[in-house]
Ligand SMILES: [Mg+2]
C-alpha cells in the first residue's frame, strides 16, 4: 500500500477538535467497533473535543444518543449533528403552504414536527389530498411500502410544483459483511430520474453540516481555526470530500466502506485524497 498508515492517537496531538462520522467509524453492523469507547473516553478526559456528523434522518439526536448508550457509548445528544437537522432547519425557515408528506418511519418524522409543520406519512396519502401537500421529504428507507410511495410521489410531482427535499442522500448502507441495503437517497434518485428533476439534498458531502459543527464549536472556542479541526470518516465521496470542500483536514479509517484492499483504487479512481489513513480510531 502506498499511503502510510498513521496511528489515530498521533493525530489527537495535532488537532484539538475532531469530527467523527458514525457508521463505519464508531459502529458497524455488529455494533460498536472495538476500542472506540476507550478512544472517546480518552478524548473527553484530554483537552480534545468532538462532534458526530452523520447522514441520518431516521431518528433525532436524542434517540441516536440512546442507541449509542445501549451499545455502551456515552455520547450526549448535543454532540450529534444529523442531516435530518439540516432538513429540519430548511423546513422551519421555508414557507410551506400545507402538509409535509414524509417518506420514513414515525420516529424520523419528528424532524417535521420539530420544524412546526403538519406531517402526513406517504403510506396514508390518498389522491384526494393532492392540494393539501406543500412539501415532500425523503427521511428514511423504512416505514412505508416503496412501490406505493414512489408512485405516490411521482404522481404528486407531475401535477404539483412543490419543494422536495432529501434528508439523507446516501445510496446504500451496509447491513452485514459484504451485504448492503438500498438507502433513502437511492429512492429519491429514482424519482428524480423519472421526472427529470433535481431535489434539494442534505448531508455530507454538502458543507452545511460542517458549517453547523464549526459554528457550534466556535461558541465555546472563539479562537477556533479550521486547521485545528480533523474530520474522520470511512467514505471518500461523503466524509472526506465534504471536509475537503469545507477546508479542514481529513483522516480516512478502514473500518467501514473503504478497506485496505480497495484503498488505492478508490483514491485513484475518485481523486479524493485524505490527508491521513488510519486502520481505525482505536489506539
Ligand atoms: Mg460512514
| request: Please state which one of 19, 103 is in the same structural domain as residue 145 (by TED's automatic domain parsing) and within 17 Å of the chain's Cα centre (by Cα). | output: 103
| field | Filter result (in a helix (DSSP H, G or I) and either in contact with a strand residue (DSSP E or B) (Cβ under 9 Å, 6 or more places away or on another chain) or within 17 Å of residue 172 (Cα to Cα) (or both)) within region 253-272 | value | 263, 266, 267
| query | Somewhere in region 230-238, is a residue in the same structural domain as residue 29 (by TED's automatic domain parsing) and away from the ligand (no atom under 13 Å from the Cβ)? | reply | yes
| remark: Of the conditions (1) assigned to a helix (DSSP H, G or I); (2) touching a strand residue (DSSP E or B) at 6+ places or on another chain (Cβ under 9 Å); (3) farther than 25 Å from residue 31 by Cα, the single one that residue 120 does not satisfy is (1)
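Only one residue in 92, 109, 83, 65 is modelled with pLDDT of 95 or more, in contact with a helix residue (DSSP H, G or I) (Cβ under 7 Å, 6 or more places away or on another chain) and over 13 Å from residue 168 (Cβ atoms), so which one is that?
The conditions single out 65.
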| task | Among the residues of region 123-147, write down those that are without any contact (Cβ under 8 Å) to a residue 40 or more places away in the chain and surrounded by 12 or more Cβ atoms within 10 Å (Cβ to Cβ). | result | 123, 125, 129, 130, 132, 133, 134, 136
| Name the helices (runs of 4 or more DSSP H) wholly within region 1-87 that hold at least 2 residues that are within 15 Å of the ligand (Cβ to nearest atom)? | 61-70
| task | Given the conditions (1) assigned to a loop (DSSP other than H, G, I, E, B); (2) more than 20 Å from residue 27 (Cβ to Cβ); (3) away from the ligand (no atom under 16 Å from the Cβ), report the number of the one that residue 283 does not fulfil. | result | (2)
| message | residue 251 - would you say it is within 16 Å of the ligand (Cβ to nearest atom) and over 30 Å from residue 156 (Cβ atoms)? | response | yes
| field | For residue 223: the one exception among (1) more than 22 Å from residue 83 (Cα to Cα); (2) away from the ligand (no atom under 16 Å from the Cβ); (3) assigned to a helix (DSSP H, G or I) | value | (3)
| said: For residue 119, only one of the following conditions fails: (1) closer than 23 Å to residue 54 by Cβ; (2) under 21 Å from the mean Cα position of the chain (by Cα). What is its number? | reply: (2)
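The values are calculated or read from the model by the stated rules, or taken from the named source; none is laboratory data. In this text the structure is predicted, and so the values were computed from the model without any measurement. In this analysis, Cβ positions are derived from the backbone assuming ideal geometry, glycine residues included, and neighbour counts consider all displayed protein chains.
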